[in-house]
Amino acid sequence: MQSFPKPLSSEEEARYLSRYQAGDMDAKNILVEKNLRLVAHIVKKYAASGRDMDELIAIGIVGLVKAVNTFKAEKGSRLGTYAARCIDNELLMMLRTERKLNREISLYEPIGTDKEGNEISFIDVVEDTSENVVDRMVLSERIQKMYRAIEDVLSDREREIIYRRYGLMGIPETTQREIGRSLGISRSYVSRIEKKALEKLRSHMTGH
C-alpha cells in the first residue's frame, strides 16, 4: 500500500481546523491529506470483502471528507476519532447496499418458465400471486417471512442448496453443477432437491 503523510499533531490539527472554519480550503485539503493514513488503516478490516483495496480507499476517503466537512471541535473529540467512525460508516454502507442489490437481483432473476412459457423467478415461486408487484421489495415483510421459512421448513442440505443457488445471505450465486460437484452429487439430484425445497416453501407460505 502506498505511503501516506505523517498525521498532524493536536496543535497542528487545531490550527488547520480553525483556518478551515474561517474559509481556508487549503487547510481543508491538508486535514484530508494528513488523515489518509487513517483511511488505509481502517480499510484493512474490509480486505476480506473481495473489493480492490484502491477502491476501498477511495470510498474511505469519501467518508474522511464528510468527517472534515461536519466535524465540530467544540464537542471535545479529536478529528481522527470522529473521522474513523465516518470512514467505517461509509464502507459499511457501501457493502450493505451492494449485498442488498445482489440479493435483490438474484431473487428476481429467471429460474425457468411456467406452463404458459412465461419466465418465473425465485420470488414468483414462493410469493402469493395475489400480491401487487409494487410490494416486491427485498426488505418487505413477505421477504422476511421467506427467510424465516427457509430456516424453519428446509433441511440443512435443502437450505444450503437454496442459499447457494439464489445467492442469499451474502453467499455467491452458484450453478446446480457447481453445487453438485462440491457436495459430491449429480446436477440432476441437486435439481430435484431444489425443486422439492421450493415446493415446501411455497406450500408453507401459501398455506396449501
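Rule-based calculations on the coordinates, nothing more; no lab input. These numbers come from a predicted model, not from an experiment. Reconstructed Cβ throughout: ideal geometry from the backbone, glycine too, with neighbour counts over all protein chains shown.
Odds and ends about this structure:
- Ranked list, fewest to most other Cβ atoms within 10 Å of each Cβ, for Leu183, Leu91: Leu183, Leu91
- Inter-centroid distance (Cα atoms) of segment 162-208 relative to segment 1-62, Å: 45
- Neighbourhood net charge (11 Å Cβ-Cβ; Lys/Arg +1, Asp/Glu -1) for Ser186: +4
- Under Karplus coefficients 6.51, -1.76 and 1.60, residue-wise ³J(HN,Hα) of segment 59-75 in Hz, glycine/proline x: 5, x, 5, 4, x, 5, 4, 4, 5, 4, 5, 10, 5, 10, 4, 5, 6
- Computed log₁₀ I(q)/I(0) - Debye formula, equal Cα scatterers, no solvent, segment 53-96, q 0.33 Å⁻¹: -1.12
- With neighbour counts taken as other beta-carbon atoms within 10 Å, the residues Glu90, Glu74 rank, fewest first, as Glu74, Glu90.
- With 10 Å bins beginning at zero, the pair-distance distribution over Cα atoms of segment 10-98 amounts to 17, 50, 25, 8, 0 %.
- As a rough footprinting exposure proxy, the listed residues Asp24, Asp52 were ranked by other beta carbons within 10 Å of their own, and the order from fewest upward is Asp52, Asp24.
- Estimated vicinal HN-Hα couplings, Hz - segment 183-200 in sequence order (Karplus 6.51, -1.76, 1.60; Gly, Pro = x): 9, x, 10, 6, 4, 5, 5, 4, 4, 5, 5, 4, 4, 5, 5, 5, 5, 5
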